[in-house]
């Protein structure tokens, strides 16, 4: 992926200094991050992106308690010599440029999310207490994406999805949830939670996550058209990542049976298909997973 020399975002908060306090099971606060499912899927989701198990556990318990008070490092700009942080800042800037243009063309204004780099654990502003083991997640309450950069080593070694474009796919997927938040899709999902059964809500969650995958593809489409960021093998890296983190692949990796009714993100094939749809069309309308008869 060609990224060096491109603009870096100013919307990055580096809170890694000193790390966060551990201790106990995280509890969900007043806000909710994107993603729902069962406890088993919540634990598996620690190794995938796009879901915060805080949400899963909070939904199952009917809500949650306020996040524990903890001291955390003040926000700083990442060090200039931190190559991975520079990569994250550059990819975030690219998503800003793409989505600002897409929203403007649609007669709307894009509000940029902030990206928080942390180590160990962190207290969010509205989505409870986050931990590195959960993987990256987006909190709609504070409109921030949270990531412990150690996750990328997990993505490479434990999930078998190496490559810088696979890493960019992680960020673009989370930003896709931010786009859903701005479009009001996330709020509609939250309203549906009390109206449908857990199984029906899981099915809606799959459509939500697949749409975020499609939005990641939309970003890649426009970014490449404008800045020629894709190199040989990049698309394959993203498709491989999508295959490795499909619900069916994760359930097989855990040694259990594949249970489609418990899916929260979609199968490997579905995740690949919707990312490819966004990449091919560059169209937000093409990402209407909620109207699609076949996922």
For the pair residue 101 and residue 83, how long in nm is the line joining their label points, each one 7 Å along Cα→Cβ? 2.9 nm
Can you give me the distance in nm between label points at residue 76 and residue 291, each placed 7 Å from the Cα along the Cα-to-Cβ direction? 4.9 nm
First measure r as the distance between the Cβ atoms of residue 257 and residue 108, then evaluate 1/(1 + (r/R0)^6) with R0 = 45 Å and state the FRET efficiency to the nearest 0.05. 0.55
Would you please state which residues of the range 272-295 a label at residue 195 would reach in this model, taking the label point 7 Å out along Cα→Cβ and a backbone N cut-off of under 20 Å? 288-293
I need the peptides 276-286, 123-133, 225-235 ranked by packing, meaning the mean over residues of other C-beta atoms within 10 angstrom, with the highest value on top. 123-133, 276-286, 225-235
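Give, in nm to one decimal, the length gained when the segment between residue 17 and residue 125 is fully stretched (0.36 nm per residue of separation minus the Cα-Cα distance).
Contour length minus the Cα-Cα distance gives 37.0 nm.
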Just order 201-214, 138-151 by mean Cβ neighbour count inside 10 Å, highest at the front, would you? 201-214, 138-151
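Bear in mind these aren't lab numbers, they're just calculated from the coordinates by the rules spelled out. Since this is a predicted model, take the numbers as computed values, not measurements. Note that each Cβ is placed from the backbone with ideal geometry, even for glycine, and that neighbours are counted across all protein chains shown.
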